[in-house]
Structure formats: structure tokens, C-alpha cells
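Asks: Here it is: the structure, laid out below.
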Amino acid sequence: MQIVPKIDIHVHCNPFPQYGLTNRVGRRWISPEDLIARYDKLHVQLGVLQAIAAPEDHYDQLCSFTVQYTADKYPDRFIWFAGLDPRAVDNASTSDLTDILRQYRALGAKGVGELTANLWADDPLIDNLFYYCGEEDMPITIHVSPKQYGFYGLADDIGLPRLEKMLKRYPKTKIFGHSQLFWAEMSGEVDAITRTDYPKGPITKEGRISKIMRACPNLYCDVSARSGMNAFTRDPKYTYRFIEEFSDRIMWGTDYCEPDVTYPFEFDEFLTSSVERGDISFENYYKIVRGNAERLLHHS
């Protein structure tokens, strides 16, 4: 099969690995150099570096100028999203975020994310951030969580009703959905336990993701991390139908944080073998691993 130079829609790394804290299991963020070595094996041309501005669940943040520094150092391998916490400026739903977003865009930011603040998805602060990102045409990568406190990411109920409300309220705002909670909604049989895990087995009932995507053209799929791979590999026949319907709004990613994970290679093998068998068209494969990211981020 023809090799496509991929764009990784979601990745993290630390250009200063000698600095900063280790996480709760004693590991640090992967370095850009280690990440590029893995990219070369995966045929990844470009990674979208995600900043993390919120403190929830992290010992250390990845601020905007950290990811900008990496992208400037390796301009042929990375572009970046800015870290903008919804509590910025005045910690109020009336904060004008126009100047911040315009400055970030002038510096080269292609969007905002990863948004991990542990607020309800329809909190007034999130409402305010979504509004300004829509006005300034800055896509947002979101991490979804099950509740407030004890987790990181935008909190929502089963079925993602709060996210759907925001998508409909701000149709100009492009949201890249991500996380176990988001991808568990591939199935309509998700419950309070399976939504925080990696649910297995066939999908016998259509989930809320498909339904929300039909109602909200501004929702896009960030298929990164083990959660994205699990959602796409648990029921391949369902996945192929999902791709056929939503091929213009699915983007491949790795969500590399640490150097020793293997699922990006496993997921790459699943996609390429599916193309070789004819279960996924090459046209749709190209959209997923490169074309959609090029179009949405205005980067070729």
C-alpha cells in the first residue's frame, strides 16, 4: 500500500526533559527527539503538539511557550495548539479572550488544547471559551470526564448532553472530541462503569457520538490514545460503517505522552490492514491520517 506521510492530531512532549517533575508513577513526558524517532517508524510527518494549561491530574503543565518552542525548533515535524484555561483573565464568564487568541494565532498556534479543565461542559466559563474560539476560528481539542472533582477534562453525563448543547449553541466552534468517556459513547449501551474504561465487544446499539455528529457538523473525532484505538478496533464492522459516514471528520493521532507505549503501532497496523483488505477505502484512509487535519488546520 502507498505510504501516506501522516499528521498526528494529538501529541505531547517536553523539550526540556531534564527539568520538571515526574508523574505519579515516576515517568516524565517524552522528549521531542524520542518522539521523532517513533514518528519515523510510523511514517508520521507532522505532529500537532497539545499544551496543557490546567492543573487537574498533572504534576506539571505543558504551557503554550513550551510547545511553541518545540515547534519552532522542529518546524518540519510539529505545529502546535495553545494552552488556554477557561479561567484565564478574570476567572469569569465575561472575560474577553479575543486578544489572547489573536496573539496565539499570530505566534503560530493552530488551535486550543488539550482542554482538560475539570468543569462541567456547559459551565459559563466553558461557554465563554467556546464562544471566543468560534469567533476566532480556533478549533479546540477537549478531554471528556464523568464528573467534576477527582478527574480531569470537561465533565458530562452519559450521552454527552452538555457537550451537545454547546455544539449547537456555537456552530462556528470546531470541537475535537477525545478521551475514554468520549469514545465509550460509540455504543448506545454505555453505563457508569464502562464509560470510564475501555469497553470491549460488538456494538449492537448505535451510540451518541454518531447521533451528535449528524446533528452537529462542528464535532470532529480525535482518534488518538488507547481510547481511540479501542473504540475503532472493538467492532471493526461497525467502525467501517462509521468511517464511511463520517470520513470527513475523523483524524488519526497517537497521544504520545511517555516513550514506552505501543498502541500507536497497533492502531496503525489495524488501519493499514483494513485498507489492504478493502474494508476502508484508500481515499477515506488518506482523509483520516492526513487530509482532514490539513484542511481543518490550514496546513499542507
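Computed from the coordinates by the stated procedures, all read-outs in this text should not be read as laboratory data. No experiment lies behind these values; they were computed from the predicted model shown. Here the Cβ positions follow ideal geometry from the backbone for every residue, glycine too, while neighbour counts run over all protein chains shown.
Asks: Which order do the peptides 243-250, 105-112 come out in when sorted by mean C-beta neighbours inside 10 angstrom, highest first?
Replies: So the peptides 243-250, 105-112, ranked by packing, come out 105-112, 243-250.
Asks: At a 10 angstrom cut-off on C-beta neighbours, averaged per residue, how do the peptides 91-99, 189-197, 53-61 rank from highest to lowest?
Replies: 53-61, 189-197, 91-99
Asks: Where both residues lie in the chain, what percent of DSSP beta bridges are antiparallel, nearest 5?
Replies: That works out to approximately 10 percent antiparallel.
Asks: Okay, moving on. Taking the highest mean first, how do the peptides 133-143, 201-211, 231-241 order by number of other beta carbon atoms within 10 angstrom per residue?
Replies: 133-143, 231-241, 201-211
Asks: If you don't mind, another one. Hey, what number do you get for the chain at 222 nm if only DSSP H runs of n ≥ 4 count, each worth -39500 (n - 2.57), divided across all residues, to the nearest 500?
Replies: -10500 deg cm²/dmol
Asks: How big is the antiparallel share of DSSP beta bridges in the stretch 47-181, given as a percent to the nearest 5?
Replies: Bridges in the stretch 47-181 that DSSP calls antiparallel: roughly 5 percent.
Asks: Could I ask something else about it? Based on Cα coordinates alone, diagonalise the gyration tensor for the chain, multiply each eigenvalue by 5, take square roots, and list the semi-axes in whole Å, largest first.
Replies: Semi-axes (√(5λ), whole Å): 26, 24, 19.
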